[in-house]
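First up is the structure itself, then whatever we jot down about it.
Please treat every number below as a calculation from the coordinates, not as lab data. None of these values were measured; they are calculated from a predicted model. Neighbour counts run over all protein chains shown; Cβ positions are idealised from the backbone, glycine included.
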Amino acid sequence: MTTIALNYSRSLLSILWNGLKKTLQGIMIGWMIARQTQANQHVAKQLIQHGEYRQDDYYTLVAKLNQETIQSIHKEFGNND
């Protein structure tokens, strides 16, 4: 009887721990994306202001940088969601 209770408690704690890890990972990835997209906006503004990037306008450049950021984070963390 005690073994069954301990096994159940262990599996329940394992499920809770995995859920907590996934939640914290999601928060961390969201924070990383937010900070990087903010940096991308600043970099795009600087590149266009100083005339070093003339192929696209500001919003197109920011979109490209953000897309590359998200792709690299998905590649690094293996998120296929």
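At-a-glance table
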| quantity | calculated |
| --- | --- |
| For the stretch 14-19, Karplus couplings with θ = phi - 60° (6.51, -1.76, 1.60), whole Hz, Gly/Pro x | 5, 5, 5, 5, 5, x |
| Two-decimal ratio, the chain, of alpha-carbon radius of gyration to 2.2 N^0.38 Å | 1.81 |
| Computed magnitude of the charge dipole of the stretch 25-81 (debye, nearest 20; Cβ of K, R +1, Cβ of D, E -1) | 100 debye |
| Residue-wise HN-Hα coupling along the stretch 5-13, computed from phi with Karplus coefficients 6.51, -1.76, 1.60 (Hz; x: Gly, Pro) | 5, 5, 5, 5, 5, 5, 5, 5, 5 |
| Length gained when the stretch Tyr59-Leu16 is fully extended (0.36 nm per residue, less Cα-Cα span) | 11.3 nm |
| Taking the stretch 25-81 and dividing mean pair separation by its residue count, relative contact order in percent (alpha carbons under 8 Å, at least six apart) | 40 percent |
